[in-house]
Amino acid sequence: MKTLKIAIQKSGRLNEKSVELLKNCGLNFENYKSSLISPVSNFPLEILFLRDDDIPEYVQDGIADLGIVGENVIRETEVKVSYLQRLGFGKCSLKIAVPNTNEIESLADLNGKSIATTYPVILGKFLKENNITADIRTISGSVEISPGLGLSDAICDLVSTGGTLKSNGLKPFADVMSSEAVLIGRAGSEDEDLVKELIQRIQSVLRAKETKYVVLNVLKDNLSAILALLPGVKSPSVIPLAEENWVAVHTVIPERDFWDRISQLKQAGAQGIVVMPIEKIIL
Ligand code: ATP
Ligand code: MG
């Protein structure tokens, strides 16, 4: 039987979340920091631990069937791979930033200026689309210190909280792209049964992450008001309680409007609300 290979980041911002996702899919493997390759004992899969920059090309060339990597890296390497699934972690944006004291106020002000970045391909396209002629200085790291050293007028770098920019006296100025970790596959791999199986497992873990299981008690008289607040995946279960006139309602609600929904439920008469994480949702 064929063994798939999935490439993930060896160490860095995406490593931990990638390992966690695969473990939550029920895959059993050792996460040795020292090894390049780790076999999965209960699925025909091997995990390759690589520098993130190498992942898109390994997948394009078929050395790995699948990969987990930031969209920013895929766009920069311009490879031909299939996007299989957005993964909801590693969120960040590629932004142009300028020193706080700088007079650059509009994109047009970047004409004739120099911009330091580790993303020359993406930045080059962005400038071209916006008819800006600027000097792109490609450097391999610590981009944020380059204006302070007089190496460039602006930078183009990944930002998540903006803390690094702030501590270097820089302000974000224009959004170039937003990014998150994605599952990519060799072109055509999405039609293979093993790949489909793995994607289904990943999707069931992601779905579960987005929802909570909620149990609450309510007086029968207030039940219709509660049900009106719970448009749920399917209709919620209503179970009679030993105490007359009371029922328990079981349902799932989306994580994103969790707190709003809970306070509305309380106002409508819900009591003893218990909220539980869900491990997997298989449709
Ligand atoms: P490697 O050693 O594997 O080449 P790296 O130093 O290039 O690692 P990391 O800094 O670990 O990369 O970032 C990996 C990915 O995490 C980025 O490509 C990006 O998609 C994502 N990311 C999320 N937030 C940020 C952030 N604030 N800064 C940089 N990358 C971020
Ligand atoms: Mg890298």
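Averaging Cα coordinates gives a centre for the range 77-121 and one for the range 21-37; these two points are 32 Å apart. Beta bridges assigned by DSSP with both partners in the chain are antiparallel in approximately 75 percent of cases. For the range 186-283, the Cα-based Rg and Dmax, in that order, read 17.3, 60 Å. Need the C-alpha centroid separation for the range 217-276 versus the range 155-212, integer Å. Taking the Cα centre of each part, the range 217-276 and the range 155-212 sit 34 Å apart. Let me know the shape class of the chain, please: from the alpha-carbon gyration tensor, a ≥ b ≥ c as square roots of the eigenvalues, rounded when a/c is under 1.5, otherwise prolate if a/b is greater than b/c, or oblate. Taking the square roots of the gyration eigenvalues as a ≥ b ≥ c, the chain is oblate. In whole angstrom, the range 51-195 maps to an equivalent ellipsoid with semi-axes of 32, 15, 13, each derived as √(5λ) from the alpha carbon gyration tensor and ordered largest first.
Remark: the range 57-74, residue by residue, has Karplus-estimated 3J(HN,Hα) of 5, 4, 6, 4, 7, x, 6, 10, 7, 9, x, 10, 7, x, 4, 4, 6, 5 Hz, where x stands for each Gly or Pro and the curve is 6.51 cos²θ - 1.76 cosθ + 1.60 at θ = phi - 60°. With a Förster radius of 41 Å applied to the beta-carbon distance between Val275 and Asn111, the computed FRET efficiency rounds to 0.15.
For the range 169-215, a simple Cβ point-charge model (Lys and Arg +1, Asp and Glu -1, everything else neutral) yields a dipole of about 320 debye relative to the Cα centre. Going through the cross-link list Lys17/Lys95; Lys91/Lys171; Lys166/Lys212; Lys80/Lys128; Lys80/Lys196; Lys23/Lys80, which pairs have a Cα-Cα distance over 31 Å in this structure? Violating the 31 Å Cα-Cα cut-off are Lys166/Lys212. Evaluating 6.51 cos²θ - 1.76 cosθ + 1.60 at θ = phi - 60° for every residue in the range 105-119, the Karplus couplings come out as 10, 10, 4, 4, 5, 7, 4, x, 8, 10, 10, 8, 7, 9, 10 Hz, glycine and proline recorded as x. Here the peptides 259-270, 130-141 are ranked by packing, the mean other Cβ count within 10 Å, and the order with the highest first is 259-270, 130-141. Here's how it looks for Leu170: its modeled amide H is under 5 Å from those of Asn100, which are all 5 or more places away or on a different chain. Using every pair of separate Cα atoms, the Kirkwood estimate puts the hydrodynamic radius of the range 158-242 at 18.7 angstrom. Applying a DSSP loop filter and a limit of 14 other Cβ atoms within 10 Å to the trypsin sites (Lys or Arg not before Pro) in the range 71-126 leaves Lys80, Lys91.
If both residues of a DSSP beta bridge must be in the range 16-158, then about 50% of such bridges are antiparallel.
Along the range 212-217 the Karplus relation, 6.51 cos²θ - 1.76 cosθ + 1.60 evaluated at θ = phi - 60°, assigns HN-Hα couplings of 10, 8, 10, 10, 8, 10 Hz to successive residues, with x for each Gly and Pro.
No lab work stands behind these numbers, since they all come straight from the coordinates. What you are looking at is a predicted structure, and each value in this text was computed from that prediction instead of being measured. No Cβ is skipped: glycine too gets one built from the backbone with ideal geometry, and neighbour counts run over all protein chains shown.
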